Amino acid sequence: MPRLETFSLTIKTGTQGRKDIPKYSINGFPLDFDEIEGEAEPGKVLKVTGHPESFPHTLTLSGPDEGIWEIEEVNAEYFCSNEPSYKIRMGAVTLDDHSDLNIWQERPPEVFEV
Amino acid sequence: MAAWFSKVFKPKGAEAPPIATGVNPPMPDWAIDDDEEDELVPRQIINPPILVDEEEMSGWSEDIRIKAKLSNIESACVFMVDRPILDGFSFWCPDKDFAYGSSPLAAAIFDVGGVGSVLLHNMTVTVTGDGSGVHTWEEGARLIGAVIREFLQSGKPVVQPEVLANIPPEEEIARRIQKVIDEEINPGIASHSGVITLNRVEGNTVFITMGGGCQGCAASTITLRQGIHQAFRTHVPEVGGILDETDHSAGMNPFFKELPAGMRG
């Protein structure tokens, strides 16, 4: 497992959003994002960056404390130690006060034609 | 005797200091939990769909096209062919000698060199390395891809028909696998609160779920490869693919803690 230095998320909210800025949790420990731009209101785009500098057995994005949060798409970029960064696109999900989103995705395997 | 020594080690025969008795000292304020909102709330971890660019998945044509997917976890390369290789069955070759007697395609792949095992399953060929480093993965993948293409174009059977004919029915494989799970595997992992469930058998491919402490456990891959695979193949050598259907990143698994409401974002 690589050491995750930094990751950034660009989150596009659908028709139901949230007023607060979500936290993220690494290995069960909740943390605030280090850099925040935009918001998670309906139709808006939120860009956040975290610097966990740790080995992500789990990495999750917190659901709202109340109501539901419709996420249309999440574009993630991961910066791990000693390797190039990589990007992952995640599709639509809905979070509520009992759910979190798994945002740790391993580097996708290299695929080429032979 | 040094002063510090006598403070730490009492001389022989000296009376032990009295042990304090009575009520416990009061708890500090920070340790008292009187907030009802701090009740543990179970959290569900949702896995998002991963979106893949369409151009990456398109482009199949009438020629035999093969894509190689390098696994950075298990030192394996999966070759995805645009047509079935072994319909209805899977076939696992642990070494060259076994391949020569059973699967001409696997034998041809072993001849490339540096190959540790070959698994044929549906439209895929999974090749693990033998650790010799004869080829880089990219070189080896291109050589093996060419071998697979040439072999499929030849029209020869990938596995000897008499070998496939001797594979027991699904019910018998399921019964024997269940016996291995009940008598060997589950008792062995019970101390870790783990449990293995046989979901089904299709042809000779076994589908399992790793539950309890195994779900989401960082060592689950080792348990699967070195424990479950070995036990299944030892007791039921006709088994081909062994596929883990566990969602290791979802659910209330060992890595995901139940957090008090106040700690959630």
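Residue check: B:F256 meets all listed conditions (1) surrounded by fewer than 20 Cβ atoms within 10 Å (Cβ to Cβ); (2) modelled with pLDDT under 70; (3) among the aromatic types (F, W, Y); (4) touching a Lys or Arg at 6+ places or on another chain (Cβ under 8 Å) but one, namely (1).
Going through (1) in a loop (DSSP other than H, G, I, E, B); (2) within 30 Å of B:I144 (Cα to Cα); (3) within 11 Å of another protein chain (Cβ to nearest Cβ) one by one, A:D65 falls short only on (2).
Do we have any residue at all in segment B:92-102 that's part of a strand (DSSP E or B) and not acidic (D, E)?
yes
In segment B:189-202, how many residues are open to solvent by less than 50 Å² (accessible area, probe 1.4 Å) and either modelled with pLDDT under 95 or within 15 Å of the chain's Cα centre (by Cα) (or both)?
The first filter runs over segment B:189-202 and keeps only residues open to solvent by less than 50 Å² (accessible area, probe 1.4 Å), leaving B:189, B:194, B:196, B:198, B:201.
Now restrict to residues that are either modelled with pLDDT under 95 or within 15 Å of the chain's Cα centre (by Cα) (or both): B:189, B:194, B:196, B:198.
Residues in segment B:189-202 being open to solvent by less than 50 Å² (accessible area, probe 1.4 Å) and either modelled with pLDDT under 95 or within 15 Å of the chain's Cα centre (by Cα) (or both): 4 in total.
For segment A:37-66, a residue qualifies if it is farther than 25 Å from A:N82 by Cα, modelled with pLDDT of 95 or more and open to solvent by 60 Å² or more (accessible area, probe 1.4 Å), and the qualifying residues are A:E37, A:E39, A:P42, A:K44, A:V45. Filtering A:V114, A:V93 for residues that are over 15 Å from the mean Cα position of the chain (by Cα), at the interface with another protein chain (Cβ under 10 Å from one of its Cβ atoms), surrounded by 14 or more Cβ atoms within 10 Å (Cβ to Cβ) and free of Cβ contacts under 8 Å to residues at least 24 places away in the same chain leaves a single hit, A:V114.
For B:G59, the stated conditions hold: it is out of contact with any Cys (no Cβ under 6 Å at 6 or more places or on another chain), at pLDDT below 90 and surrounded by fewer than 18 Cβ atoms within 10 Å (Cβ to Cβ).
If you go through segment A:69-88 and keep only what is surrounded by fewer than 16 Cβ atoms within 10 Å (Cβ to Cβ) and either part of a loop (DSSP other than H, G, I, E, B) or within 9 Å of chain B (Cβ to nearest Cβ) (or both), you end up with A:S81, A:N82, A:E83, A:P84, A:S85.
For A:L4, the conditions (1) over 12 Å from the mean Cα position of the chain (by Cα); (2) of a type in the set (A, V, I, L, M); (3) within 11 Å of chain B (Cβ to nearest Cβ) are fulfilled apart from (3). None of B:E238, B:E171 is of a type in the set (D, E), assigned to a helix (DSSP H, G or I) and either in contact with an Asp or Glu (Cβ under 6 Å, 6 or more places away or on another chain) or at pLDDT 90 or above (or both) except B:E171.
Looking only at segment A:15-36, how many residues end up being in a strand (DSSP E or B) and open to solvent by 80 Å² or more (accessible area, probe 1.4 Å)?
Just the residues of segment A:15-36 that are in a strand (DSSP E or B), to begin with: A:24-26, A:29-31, A:35-36.
Checking the rest, the ones that are also open to solvent by 80 Å² or more (accessible area, probe 1.4 Å) come to A:29, A:35-36.
Total satisfying the criteria: 3.
Restricting the first member to segment B:135-146 and to residues that are buried (at least 22 other Cβ atoms within 10 Å of the Cβ), and the second to residues that are at pLDDT below 90 and of a type in the set (V, I, T), the beta-carbon pairs closer than 7 Å and six or more apart or on different chains are B:A141/A:V114; B:G145/A:V114.
Residues of segment B:66-93 that are more than 14 Å from chain A (Cβ to nearest Cβ), open to solvent by 40 Å² or more (accessible area, probe 1.4 Å) and more than 14 Å from B:V163 (Cβ to Cβ): B:R83, B:P84, B:D87.
The values are calculated or read from the model by the stated rules, or taken from the named source; none is laboratory data. Fair warning: this is a prediction, and the values are worked out from it, not measured in the lab. All Cβ positions, glycine included, derive from the backbone under ideal geometry; neighbour counts span all protein chains shown. Side chains are part of the model used for accessible areas, which takes the heavy atoms of the whole protein and leaves out ligands, DNA and RNA. Shrake-Rupley method; radii C 1.70, N 1.55, O 1.52, S 1.80 Å.
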